[in-house]
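Peer 1: Below are the structure tokens for one structure; questions will follow.
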Amino acid sequence: MRFIDSEFLIELEGVESNRDYIQLSDAEWLLKEIQPGAKAGKGKNSCVFRATHPEGGEDVIVKFCRFPDGVSGGDEVLRRRRFVREIDALRKADEANLGDFLITFFESGECQIGNRKLLYYVMEEADCDLTEFLANNPLELQQKMLLCRSILRALRALHEKLGIYHRDLKPDNILFVGNQWKIGDLGFISYRDEDEDIDQPHERIGWTGLICPEALNKAFAGEAGAEFSYDCKIDALSGIYQLGGIFWYILQGNLPAGQLLAQDFRVENTNIFTGLLMPMLQHGKSRRPSAANVESKFQEMGYEFVL
């Protein structure tokens, strides 16, 4: 995992990672940078550190909301609400015993730094993300397909057990912990049965490399007028589109884009392209399979065991 943002806490009240202890819950923890010099941990809503307990034990990951209590302005308030929603979703996953599929949540709270209060939560530390794993572990086709199916099962748990749409699936958010593949970073989730929409007008939801057509519509064509009608709802089938792109990335190391033809897919088993990937990567949402149907396709092709 590639996280760092020591400047964030330094700018607040002089707290310095790798040197100063910070009060979390009822104990003081030492914040440590992860791969010093990297910037991947500084997101729109949060900053992430490794934390070490002074009395020993395994390190954990602490994620701080970048917007303190009492912020004003619509954008800042919205981002803080997103962070609260992320904590709520992780707590629901913990209560539903979904630790085999989603990153394990330990606790959350509010941290006092100077005169500011920051929301935070604590989670387990992953061994690596999907990009790092593939770079360091050459896999045979059978192993790649079983890896894909493991990630599919994690997404199904999110959709079917919790009614949550991730909306930001990407290799950085697919994490390897022990011997399990898990989904992390729930900062852009929505609920299947939610009664509020906290997205901003024309907000781009999802990583550019795997953004689904309806997310593009939401960002750029949401107010096209009566002449046109576009699907702007990001839901379970949007996750299938993003997952199809992740499968493609696992299988041949690049991302699908444009009008895809069989010759663009370099894996010898063409049934994977025609029977699995192409249905998942359809522009029209109604043509994409459900997660259960994708699971059935794995079984038809003989990939019945999970890593």
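Peer 1: Can you pull out the residues in region 195-212 that are at positive phi and modelled with pLDDT under 85? Spell out the reasoning first.
Peer 2: Step one: of region 195-212, the residues at positive phi are 202, 206.
Across region 195-212, the qualifying residue is only His202.
Peer 1: Within region 43-54, does at least one residue satisfy the condition of being at pLDDT below 75, closer than 28 Å to Gly178 by Cα and open to solvent by 40 Å² or more (accessible area, probe 1.4 Å)?
Peer 2: Within region 43-54, one or more residues are at pLDDT below 75, closer than 28 Å to Gly178 by Cα and open to solvent by 40 Å² or more (accessible area, probe 1.4 Å).
Peer 1: Moving on to the next point. If a residue has to be open to solvent by 40 Å² or more (accessible area, probe 1.4 Å), small (Gly, Ala, Ser) and assigned to a helix (DSSP H, G or I) to count, how many in region 86-105 make the cut?
Peer 2: Adding up the residues that qualify gives 0.
Peer 1: Yes or no: region 146-161 includes at least one residue that is small (Gly, Ala, Ser) and part of a loop (DSSP other than H, G, I, E, B).
Peer 2: No, region 146-161 contains no residue that is small (Gly, Ala, Ser) and part of a loop (DSSP other than H, G, I, E, B).
Peer 1: Something else about it: Go through the residues of region 261-278 one by one and say whether even a single one is of a type in the set (Asp, Glu), closer than 23 Å to Arg204 by Cβ and either in contact with a strand residue (DSSP E or B) (Cβ under 7 Å, 6 or more places away or on another chain) or assigned to a loop (DSSP other than H, G, I, E, B) (or both).
Peer 2: Checking region 261-278: not a single residue is of a type in the set (Asp, Glu), closer than 23 Å to Arg204 by Cβ and either in contact with a strand residue (DSSP E or B) (Cβ under 7 Å, 6 or more places away or on another chain) or assigned to a loop (DSSP other than H, G, I, E, B) (or both).
Peer 1: (1) surrounded by 21 or more Cβ atoms within 10 Å (Cβ to Cβ); (2) outside any helix (DSSP H, G or I): which one isn't true of Phe83, the others all being true?
Peer 2: (2)
Per-residue answers, yes or no, for (1) more than 22 Å from Arg82 (Cβ to Cβ); (2) assigned to a loop (DSSP other than H, G, I, E, B):
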| site | (1), (2) |
| --- | --- |
| Asp172 | no, no |
| Leu186 | no, yes |
| His202 | no, yes |
| Gly206 | no, yes |
| Gln242 | no, no |
| Gly245 | yes, no |
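Peer 1: Additional query: Identify, from the list Gly14, Gly57, Gly37, Gly74, the residue that is out of contact with any helix residue (DSSP H, G or I) (no Cβ under 9 Å at 6 or more places or on another chain), modelled with pLDDT of 65 or more, farther than 23 Å from Leu186 by Cα and surrounded by fewer than 17 Cβ atoms within 10 Å (Cβ to Cβ).
Peer 2: After ruling out the rest, the residue left standing is Gly57.
Peer 1: For residues that are open to solvent by 10 Å² or more (accessible area, probe 1.4 Å) and over 10 Å from the mean Cα position of the chain (by Cα), tally how many sit in region 158-172.
Peer 2: 5
The values are calculated or read from the model by the stated rules, or taken from the named source; none is laboratory data. Here the structure is a predicted model, which means the values were calculated and not measured. Heads up, the Cβs are rebuilt from the backbone with ideal geometry, glycines too, and the neighbour counts pull from every protein chain shown. What goes into the accessible areas is simple: the full protein's heavy atoms, side chains included, and nothing from ligands, DNA or RNA. Shrake-Rupley method; radii C 1.70, N 1.55, O 1.52, S 1.80 Å.
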